[in-house]
Amino acid sequence: METSSHDIVLIGGGGAGLRAAIAIAEANPRTDIAMVSKVYPMRSHTVSAEGGAAGVAADDDSIDEHCYDTVSGSDWLGDQDAIEIFCNEVPKELLRLEHWGCPWSRQPDGRIAVRPFGGMKKMRTWFAADKTGFHLLHTLFQTSLKYTSITRYDETFATRLLVDDGTVHGVVAIELRTGRIRAILAKAVIICTGGCGRIFPFTTNANICTGDGMALAYRAGAPLKDMEMVQYHPTGLPFTGILITEAARAEGGWLLNKDNYRFLQDYDLGKPTPTPVLRSMELGPRDRVSQAMWHEFQKGRGFKGPYGDYLHLDLRHLGEHKIETRLPMVRELCLKYENIDPVRQPIPVRPVQHYMMGGIHTDVHGATPLKGLYAAGEAACVSINGSNRLGSNSLGELLVFGARAGKAAVEYVANGVERRHPNHLLAIALDEERRLEHQYTSSDGTERIAKVREEMQRTMERGCGIYRDRATLVESANKLSELKERAARLRLDDHGRSFNTQLTAALELGFMLDVAETIVHCALNREESRGAHQRRDFPKRDDTKYLAHSLVSRTGEGPPRIDYLPVVITRWPPGERIYGRDH
């Protein structure tokens with residue numbers, strides 16, 4: 001087995017991972033950094049973010065207002081100490097990106113342009129046309145190249161954390177190009193692997209979003225937090241799930257049912273502010289808009305399509321110039337994947353899984369309960385998002401908490417971490433190598449990866465979709481238990497070493513099944529409706545019992561253990577969810 005040693009290993013090369021790496025290099029240029037990513041960093045899912053990043057910039061806005069919007073949008077499940085840190089630090093991070101070369105869109109007078117976004121009462125979302133993630137990731141990657149202390153392990157898939165005596169000391173990974181298995185030792189590990197949307201059949205997430213980091217931490221003994229909180233985005237393309245950014249509605253797009261009616265005016269999307277400031281009812285919180293669309297389908301007011309019901313997003317009244325200058329990627333996606341031009345035709349859309357509010361349990365410095373292990377980005381749960389993330393808060397979260405995790409890891413390493421004897425860690429790594437070697441040669445199994453994966457996705461959509469109830473959740477839990485047993489009997493036809501995508505898919509399926517199980521059990525335990533978690537059998541929010549984070553831990557062979565942690569309340573006691581709107 002090949003081995004290498006570094007001070008800090010980052011798993012994931014997207015926005016959070018790159019920001020953490022830069023923060024480490026800036027804090028101590030002598031720190032030896034390794035970045036392990038299963039794709040080339042510029043293929044990370046951050047590149048697909050379209051709408052923008054929220055941060056106070058205008059004179060009529062304030063940090064307190066951003067905090068309150070985020071607290072209220074989270075349905076009071078967000079930790080307010082983390083939210084205050086985030087809202088205070090994110091404008092500095094966005095300005096830092098400007099200095100590093102991010103081409104933010106401008107107002108005519110040269111100042112940073114901002115646009116409205118769902119659930120925000122003020123215009124505070126910075127954007128770069130509708131390719132914000134693309135430009136943000138390019139900026140971070142180009143900035144990271146100037147630090148020689150960063151060693152990249154591109155197209156290298158992490159399969160196990162090296163844990164000894166309750167402390168993380170590195171990772172085992174497969175080099176996809178050669179199939180070689182490598183032990184990468186480190187004094188600290190930071191997980192920045194993104195979300196797990198591929199657990200669901202219709203998702204805006206890329207194929208690489210399979211919950212790897214969440215499952216790695218979970219298997220190593222770190223708890224996951226608020227896993228039942230799964231966000232659906234109202235506007236995904238019906239077949240591919242490709243995101244049509246919220247910016248399309250921020251620029252004035254309308255949601256219409258089959259009667260060509262703006263149906264959102266019939267739904268309670270949240271108590272409106274006395275002085276509405278948003279231009280459109282379409283900019284309600286994502287959970288409420290998705291739920292309204294679901295109800296339209298139940299009432300038979302949706303269009304029927306081969307991939308289920310859908311509604312229309314109409315941009316035609318915006319005109320070609322505005323669409324081409326402010327929403328060029330929306331037009332490109334519609335032309336390429338639906339063969340329609342939004343300048344002349346409405347866009348078919350349906351709610352699709354988009355984001356995980358839950359993830360690896362961390363404090364405000366990115367530290368997990370497992371010594372030496374940190375996490376940031378969508379893989380982590382700080383929690384600023386609670387039960388519903390406001391659009392455009394996630395890119396800022398990558399920056400703020402990626403940087404904080406990097407700085408905390410440097411401090412941890414500088415305090416003199418006791419490194420375990422390499423031979424001791426190598427024994428653990430060799431055990432993982434034997435498991436992987438067995439999977440390379442698995443030809444006596446009977447189950448097919450695609451079949452098990454498809455059944456898992458259908459199970460999650462049916463049991464853990466926009467609306468849930470006890471019966472379907474129990475059914476889903478039982479089905480996932482069966483699928484985990486079947487996944488132990490997978491048949492692999494490809495026994496080659498170089499880019500064995502079948503082996504990668506099998507390992508990803510194992511990760512997804514573990515994460516799916518935590519989602520279902522947490523949803524079953526939370527007997528209330530809050531944000532993205534809607535129980536038809538418990539339709540009310542219950543602050544007496546459930547103003548708390550769920551913490552789910554692995555127990556071995558049986559179902560996971562679920563505990564609860566109180567939400568941090570600093571200044572805003574629970575109340576009604578409020579946002580600005582203008583009908």
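For M120, the criteria (1) surrounded by 20 or more Cβ atoms within 10 Å (Cβ to Cβ); (2) at pLDDT below 95; (3) in contact with a Phe, Trp or Tyr (Cβ under 6 Å, 6 or more places away or on another chain); (4) not aromatic (F, W, Y) hold in every case but one, which is (3). Pairs only if they're at least six apart or on different chains, beta carbon under 6 angstrom, first in region 27-40 and in contact (Cβ under 8 Å) with a residue 60 or more places away in the chain, second open to solvent by 40 Å² or more (accessible area, probe 1.4 Å) and part of a helix (DSSP H, G or I); list them, first residue then second. Filtered contacts from region 27-40: A27/K407. The residues of region 319-330 that are in contact with a Leu (Cβ under 9 Å, 6 or more places away or on another chain) and open to solvent by 30 Å² or more (accessible area, probe 1.4 Å), listed by number, are K322, R326. Scan region 239-250 for residues that are open to solvent by 10 Å² or more (accessible area, probe 1.4 Å) and more than 15 Å from L395 (Cβ to Cβ) and the total you get is 3. Could you check, for region 511-522, whether at least one of its residues is in a loop (DSSP other than H, G, I, E, B), in contact with a strand residue (DSSP E or B) (Cβ under 9 Å, 6 or more places away or on another chain) and over 21 Å from D79 (Cα atoms)? No, the conditions are met nowhere in region 511-522.
If the condition is being open to solvent by 60 Å² or more (accessible area, probe 1.4 Å) and either touching a His at 6+ places or on another chain (Cβ under 8 Å) or closer than 16 Å to I33 by Cβ (or both), then region 404-428 contributes K407, E411, A414, R419, R420.
Results for (1) out of contact with any helix residue (DSSP H, G or I) (no Cβ under 9 Å at 6 or more places or on another chain); (2) part of a strand (DSSP E or B), shown as yes or no for each residue.
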{"site": "I323", "(1), (2)": "no, no"}
{"site": "M329", "(1), (2)": "no, no"}
{"site": "L333", "(1), (2)": "yes, no"}
{"site": "H354", "(1), (2)": "no, yes"}
{"site": "P369", "(1), (2)": "yes, no"}
{"site": "N385", "(1), (2)": "no, no"}
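Return yes or no: is E397 open to solvent by 10 Å² or more (accessible area, probe 1.4 Å), of a type outside the set (F, W, Y) and either under 30 Å from S4 (Cα atoms) or part of a helix (DSSP H, G or I) (or both)? For E397, the condition - open to solvent by 10 Å² or more (accessible area, probe 1.4 Å), of a type outside the set (F, W, Y) and either under 30 Å from S4 (Cα atoms) or part of a helix (DSSP H, G or I) (or both) - is not met. For region 124-174, taking the residues that are out of contact with any helix residue (DSSP H, G or I) (no Cβ under 8 Å at 6 or more places or on another chain) and on the phi > 0 side of the Ramachandran plot, the one that is most open to solvent (accessible area, probe 1.4 Å) is identified as D165. Could you check region 42-76 and list, in sequence order, the residues that are within 17 Å of the chain's Cα centre (by Cα), in a loop (DSSP other than H, G, I, E, B) and of a type in the set (A, V, I, L, M)? Hit for region 42-76 is A49, nothing else.
Would you point out the residue of region 523-551, among those that are acidic (D, E) and part of a loop (DSSP other than H, G, I, E, B), that is surrounded by the fewest Cβ atoms within 10 Å (Cβ to Cβ)? The qualifying residue surrounded by the fewest Cβ atoms within 10 Å (Cβ to Cβ) is D537. Within region 89-148, the set of residues being assigned to a loop (DSSP other than H, G, I, E, B), over 23 Å from the mean Cα position of the chain (by Cα), more than 14 Å from S392 (Cβ to Cβ) and free of Cβ contacts under 8 Å to residues at least 60 places away in the same chain comprises G101, P103, Q107, P108, D109, G110, R111, L145, K146, T148. Note on region 215-238: residues that are surrounded by 21 or more Cβ atoms within 10 Å (Cβ to Cβ), in contact with a Leu (Cβ under 9 Å, 6 or more places away or on another chain) and in a loop (DSSP other than H, G, I, E, B) amount to 6.
Looking across region 21-41, just one residue is in a helix (DSSP H, G or I) and within 17 Å of the chain's Cα centre (by Cα), and that is P41.
In region 8-58, of all residues being over 17 Å from I184 (Cβ atoms) and acidic (D, E), the one that is surrounded by the fewest Cβ atoms within 10 Å (Cβ to Cβ) corresponds to E26. Would you check if there is a residue in region 178-197 being open to solvent by less than 10 Å² (accessible area, probe 1.4 Å), assigned to a helix (DSSP H, G or I) and either touching a strand residue (DSSP E or B) at 6+ places or on another chain (Cβ under 9 Å) or modelled with pLDDT of 95 or more (or both)? Yes, there is a match, as at least one residue in region 178-197 is open to solvent by less than 10 Å² (accessible area, probe 1.4 Å), assigned to a helix (DSSP H, G or I) and either touching a strand residue (DSSP E or B) at 6+ places or on another chain (Cβ under 9 Å) or modelled with pLDDT of 95 or more (or both). Only one entry of V343, V349 meets the criterion of being of a type in the set (A, V, I, L, M, F, W, C), part of a strand (DSSP E or B) and open to solvent by less than 30 Å² (accessible area, probe 1.4 Å), and that entry is V349. Residue check: is H361 in contact with a Cys (Cβ under 9 Å, 6 or more places away or on another chain), open to solvent by 20 Å² or more (accessible area, probe 1.4 Å) and either in contact (Cβ under 8 Å) with a residue 12 or more places away in the chain or of a type in the set (S, T, Y) (or both)? It is true that H361 is in contact with a Cys (Cβ under 9 Å, 6 or more places away or on another chain), open to solvent by 20 Å² or more (accessible area, probe 1.4 Å) and either in contact (Cβ under 8 Å) with a residue 12 or more places away in the chain or of a type in the set (S, T, Y) (or both).
Quick check on D431: is it outside any loop (DSSP other than H, G, I, E, B), acidic (D, E), without any contact (Cβ under 8 Å) to a residue 60 or more places away in the chain and open to solvent by 10 Å² or more (accessible area, probe 1.4 Å)? So D431 fits the description; yes. Just give me the residues in region 447-497 being among the β-branched types (V, I, T), part of a helix (DSSP H, G or I) and open to solvent by 20 Å² or more (accessible area, probe 1.4 Å), in sequence order. Across region 447-497, the qualifying residues are T472, V474.
The values are calculated or read from the model by the stated rules, or taken from the named source; none is laboratory data. Because the structure is predicted, anything quoted here is derived from the model rather than measured. When we count neighbours, we look across all protein chains shown, and the Cβ atoms used for this are built from the backbone with ideal geometry, even at glycine. The protein model used for the area step is the full one, side chains on, heavy atoms only, and it has no ligands, DNA or RNA in it. Shrake-Rupley method; radii C 1.70, N 1.55, O 1.52, S 1.80 Å.
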